[in-house]
Amino acid sequence: MPRTRTYTHPEGAEEMRADKALSAFLSGEISRTRLEDSFKSGKVLLNGTPIAKKYLLKVGDEVTVEIPDAPKTVVEPVDIAVDVLFEDEDIVVVNKPSGMTVHPGSGTADDTLVHAMMHICNGKLSLAGGSMRPGIVHRLDKETSGVMVMAKSDEAYYKLVEAFSQRLTHKEYLALTSGAFHVSNGSIQKPIGRDPVHKTKMCISEGPDARDARTDWRVLDSYGGRASLVACRIFTGRTHQIRVHMSDMGHPIFGDYTYKFQRNKFREIPPPERVMLHSWKLELPHPASGELMTFEAPPPEDFKNLAKLLKETYTYTE
């Protein structure tokens with residue numbers, strides 16, 4: 001529960017800004033950031049009236065401060081169903097559903113993957129990567145479904161991080177993309193960096209923050225020259241890598257309105273509600289035994305239903 005403290009500006013003191021006086025008074029009890037939160041939320045009162053942090057306190061002014069609860073430092077378990085593909089003492093492999101955020105962040109609720117996995121694993125997830133990201137060694141976008149591995153022990157965490165950084169893992173995705181490819185397979189190797197205008201987007205870039213990125217792809221099915229089912233293997237783990245590379249090739253992923261998917265080109269079908277990207281296969285050395293392990297997750301119903309609809313709608317309409 002929030003605590004309340006009372007401060008009286010002492011005899012002989014000069015006028016002083018309320019935030020500076022209270023920061024000194026509450027030193028060791030509350031950070032400046034949390035004190036600022038109290039000011040912003042109207043929890044710093046003088047004679048029952050909220051004051052701003054710049055208010056000049058005079059001798060005898062009595063101020064009450066409601067100190068907010070400390071932010072959570074460990075993710076609490078929440079009973080949310082998640083499909084577990086494999087689990088032992090070192091790792092747990094899951095089929096993450098689309099629409100689920102991987103770990104807590106700004107604007108998230110207690111419904112992330114790590115909340116669910118803290119419950120499923122009885123709290124046994126490695127905290128080596130941070131208390132708000134237990135077990136996380138790699139991530140999938142919120143809308144992306146499919147295979148993810150998480151570390152249960154610190155030793156497994158460091159081994160998995162090393163495996164990903166040294167590219168000892170094999171990551172393959174399925175994507176439903178716009179248009180027809182002229183060849184059955186290929187590779188795109190273009191660096192990816194932050195979009196200079198839209199900071200939440202990535203782009204092909206030669207800027208100072210750009211990093212090398214490689215995606216190999218092969219066509220698994222084609223739907224009348226209008227759409228394709230593509231398998232994408234990534235050798236690097238850049239943010240939005242497959243989405244950016246596919247869009248750059250002129251084949252944006254269905255439902256990816258951020259990266260140039262145009263719904264008006266497919267008026268015969270309902271507009272997809274999410275990015276149609278699925279983490280299909282993950283191959284990695286087990287962090288304890290070194291055994292090479294392969295995990296697969298079939299695409300979810302919305303992905304399969306769209307693939308079927310594309311096939312039925314466009315296969316015979318060149």
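The values are calculated or read from the model by the stated rules, or taken from the named source; none is laboratory data. Predicted model, so just to flag it, every value in this text is computed and none were measured. Positions of Cβ are backbone-derived with ideal geometry, glycine not excepted, and every protein chain shown enters the neighbour counts.
Filtered by the rule that a residue be among the acidic types (D, E) and without any contact (Cβ under 8 Å) to a residue 24 or more places away in the chain, region 295-308 gives a lone residue, E301.
Residue count for region 165-180 satisfying the condition of being charged (D, E, K, R) and either part of a strand (DSSP E or B) or touching a Cys at 6+ places or on another chain (Cβ under 7 Å) (or both): 2.
Return the residues of region 38-90 that are closer than 30 Å to M118 by Cβ, of a type in the set (A, V, I, L, M) and in a loop (DSSP other than H, G, I, E, B); say none if nothing qualifies. Passing the criteria: A70, V74, V75, V78, I80, A81, V82. Of the residues making up region 179-201, those that are aliphatic (A, V, I, L, M), modelled with pLDDT of 95 or more and surrounded by 12 or more Cβ atoms within 10 Å (Cβ to Cβ) are I188, I192.
A quick yes/no check of all residues on (1) without any contact (Cβ under 8 Å) to a residue 24 or more places away in the chain; (2) in a strand (DSSP E or B); (3) not polar (S, T, N, Q):
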| site | (1), (2), (3) |
| --- | --- |
| T215 | no, yes, no |
| V219 | no, yes, yes |
| V230 | no, yes, yes |
| F261 | no, no, yes |
| H278 | no, yes, yes |
| M293 | no, yes, yes |
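Considering only residues in region 93-118 that are of a type in the set (S, T, N, Q), part of a loop (DSSP other than H, G, I, E, B) and buried (at least 16 other Cβ atoms within 10 Å of the Cβ), the one that is nearest to the chain's Cα centre (by Cα) turns out to be T101.
For L309, state whether it is among the aliphatic types (A, V, I, L, M), in contact with a strand residue (DSSP E or B) (Cβ under 7 Å, 6 or more places away or on another chain) and at pLDDT 95 or above. Answer is no for this residue.
Condition (residue is among the aliphatic types (A, V, I, L, M) and surrounded by fewer than 15 Cβ atoms within 10 Å (Cβ to Cβ)) applied to region 277-292: is it met by at least one residue? Checked region 277-292: at least one residue is among the aliphatic types (A, V, I, L, M) and surrounded by fewer than 15 Cβ atoms within 10 Å (Cβ to Cβ). Every test in (1) under 20 Å from S184 (Cα atoms); (2) charged (D, E, K, R); (3) part of a helix (DSSP H, G or I) is passed by K304 save one, and that test is (1).
Answer yes or no as to whether S31 is on the phi < 0 side of the Ramachandran plot, crowded, with 17+ Cβ neighbours inside 10 Å, outside the structural domain of L125 (by TED's automatic domain parsing) and not β-branched (V, I, T). It is false that S31 is on the phi < 0 side of the Ramachandran plot, crowded, with 17+ Cβ neighbours inside 10 Å, outside the structural domain of L125 (by TED's automatic domain parsing) and not β-branched (V, I, T).
Annotation for region 80-92: no member residue is within 18 Å of the chain's Cα centre (by Cα) and over 24 Å from R274 (Cα atoms).
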